[in-house]
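The values are calculated or read from the model by the stated rules, or taken from the named source; none is laboratory data. Predicted, not measured: the structure shown is a model, and the values here were computed from it. FYI the Cβ positions are ideal-geometry reconstructions off the backbone, even for glycines, and counts take in every protein chain you see. Remember, those area values only see protein heavy atoms, side chains included, never the ligands or the DNA or RNA. Shrake-Rupley method; radii C 1.70, N 1.55, O 1.52, S 1.80 Å.
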Amino acid sequence: MREIIYIQAGKLANYTGTHFWNAQENYLATDPAETIYDSDLSFREGLSSTGSSTYCPRLLVFDHKSNFGTLSKSNALVGADEDEISDVDPPTIWNGHVAEYKQDIIPKSAYHSSLDSPIDSEHADQSGDTEYPHKNVRYWSDFNRVYYVPKTIQRLPDPAEWENVEGDWNHGQSAFTQYDEDHAVTDGSLRSFFEECDSPQGLHIMNDTSTFGGFMNSFLTVIRDQYTKLPCLVVPFLSTGITRQLEGDKNSAGIRNVINDALYLRSLNETASMSIPIQPTISWPSKLWGKWLCAQPENIYHNSAIVSAMLESVTVPLRLRESQIDLSSLSRKLNWRGNTPFSELSGIFPFKSAADFDTRLANLSAFSILNNSPEYSQLTRFDVSRGFTPSIESAYDDWSSRQSLDEAFVSSVHTQSYPIPTSYPTFFNDVEVTSSPRKGVLVRPEHCSMFSSLAVSSQTALMFSLHASAIDRYLKKKPAVETLGFDGDDLRDLVNDLWTLHDNFDSGTDSDSSIGEDEIL
């Protein structure tokens with residue numbers, strides 16, 4: 001067995017993770033004798049309160065309590081959530097008057113209501129409401145399709161209204177220390193998942209850096225101390241700190257996010273086997289939102305669906321029955337030089353024709369808003385295609401051979417189409433439909449072809465140089481860095497470490513000189 005244990009932390013990570021697990025749940029619906037996917041690698045089998053067999057993700061979910069929405073701690077698997085039990089009065093020794101205040105119960109989402117009333121859902125679709133039942137997604141739990149065991153749900157206290165903890169590295173570290181002391185998540189929930197595994201292949205982690213950067217750094221440090229050689233694939237969702245500064249925003253909150261991101265990226269160089277940084281949506285290339293997708297870039301429900309499809313697809317070989325690829329071999333394949341444990345995620349979603357290779361391949365890890373981005377070279381690449389016909393596979397081979405990369409460092413996997421569950425946004429634009437009174441009809445297919453790729457390239461050097469330049473310029477202004485919770489020497493050491501990471505990826509294209517001074521701040 002090659003089990004994977006998953007960790008998600010933060011709002012965007014959990015939106016992305018919910019789409020990810022809904023796709024995995026789709027595989028469970030397939031006949032086990034016919035499926036090419038090994039669900040036992042990501043799911044654990046257990047019994048519900050009624051004694052029926054059920055599959056639950058081998059997963060830890062961290063988020064602030066207010067972000068869980070309607071998700072019960074027990075998720076209806078082993079009983080009602082303790083917050084919802086109101087029929088039994090708690091024992092008390094107080095005989096006087098008690099004033100009780102309760103928050104209003106959050107109503108069930110439209111999607112979950114539609115699952116309970118499929119006739120209503122069908123009627124809404126026939127009425128022409130193509131967004132039903134996804135019009136008002138409030139929380140990532142609103143479109144969740146899987147059940148969780150209680151130890152999966154890790155609710156952190158909400159920050160006080162007057163606290164601004166976004167980008168606060170020190171707060172994140174102390175929050176983990178306190179939470180681990182109170183709930184024994186490392187020696188309790190995480191360890192119990194490991195004990196259920198025969199031979200785990202590693203950890204798959206997604207987290208927001210702005211709210212859970214320091215938190216996950218402390219968690220990963222503890223994990224590394226206990227599981228020294230365990231492979232870790234980490235997907236950090238970076239803040240808008242650098243992007244906002246490239247646009248001229250010079251406020252202190254921005255630099256705090258820049259420092260927070262930089263500290264987390266530096267720590268991942270030591271704690272992760274491979275990291276896939278994802279830039280904020282405002283940095284994604286415009287060609288991602290082409291005529292085939294009528295998505296709203298600012299809508300977290302939409303953009304998380306896109307990045308989830310690419311992440312799920314590029315890692316799907318880790319979960320195939322006959323695959324020889326695991327987290328360790330994938331990390332070694334990408335980081336063959338030993339000092340480049342960061343890769344870039346690119347993809348085409350949905351894939352429509354061979355021309356898409358040259359016109360629609362979108363990199364979600366690069367800074368697309370730069371006007372004079374330097375030339376770069378790839379060191380290695382791992383491609384996954386889904387639902388390709390033989391003719392498209394041949395077109396892929398032709399396109400791949402034209403890339404500036406030694407063929408020995410390119411590997412690819414071709415597999416089945418990406419499944420589109422009913423929880424997915426209805427944002428596919430079927431422009432071939434002409435009978436409708438409006439041009440293009442929003443549809444949700446049952447599956448679609450797509451292409452996803454991980455590459456280690458010299459372009460990653462730019463990410464480190466931009467962070468280093470921003471912090472260095474900030475220090476030259478001689479600010480009161482203590483107000484951000486840091487010592488000046490610590491930040492200067494951080495800048496030096498970032499330039500070292502930059503040099504590991506730089507291929508002589510002089511990526512820092514053309515941008516670091518002119519574009520930032």
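For the reader, a short list of remarks on this structure follows.
- Protection proxy ranking, peptides 158-164, 104-110, 239-245, average beta carbon neighbours within 10 Å, highest first: 239-245, 104-110, 158-164
- Taking all protein chains as shown and a probe of 1.4 angstrom, TYR179 keeps an accessible surface of around 10 Å².
- With DNA, RNA and ligands ignored, accessible area of ASP187 (1.4 Å probe; Å², nearest 10): 100
- Exceeding the 26 Å Cα-Cα cut-off - candidates LYS229/LYS333; LYS151/LYS333; LYS65/LYS102; LYS65/LYS151; LYS11/LYS108: LYS151/LYS333
- Using θ = phi - 60° and Karplus 6.51 cos²θ - 1.76 cosθ + 1.60, couplings along the range 327-332 (whole Hz; Gly, Pro as x): 4, 5, 5, 5, 5, 5
- Take every DSSP beta bridge whose two residues both sit in the range 157-284; close to 0 percent of them are antiparallel.
- Residues whose amide H lies under 5 Å from that of SER457, counting only those 5 or more places away or on a different chain, are GLU344, LEU379; hydrogens are built 1.01 Å from N in the peptide plane.
- Cα-projected label distance for ARG492 with SER174, points at 7 Å along beta-carbon direction, nm: 2.7
- Our coupling estimate for the range 385-390, obtained by passing each phi through the Karplus curve with A = 6.51, B = -1.76, C = 1.60 and θ = phi - 60°, is 10, 9, x, 6, 7, x Hz, Gly and Pro reported as x.
- Normalised contact order of the range 458-499, rounded percent, pairs of Cα under 8 Å and 6 or more residues apart: 57
- Backbone geometry of the range 469-477 corresponds, through the Karplus equation with coefficients 6.51, -1.76 and 1.60 at θ = phi - 60°, to 3J(HN,Hα) couplings of 5, 5, 5, 5, 5, 4, 5, 5, 7 Hz, x marking Gly and Pro.
- Heavy atoms of CYS294: accessible area, 1.4 Å probe, square angstrom to 10: 70
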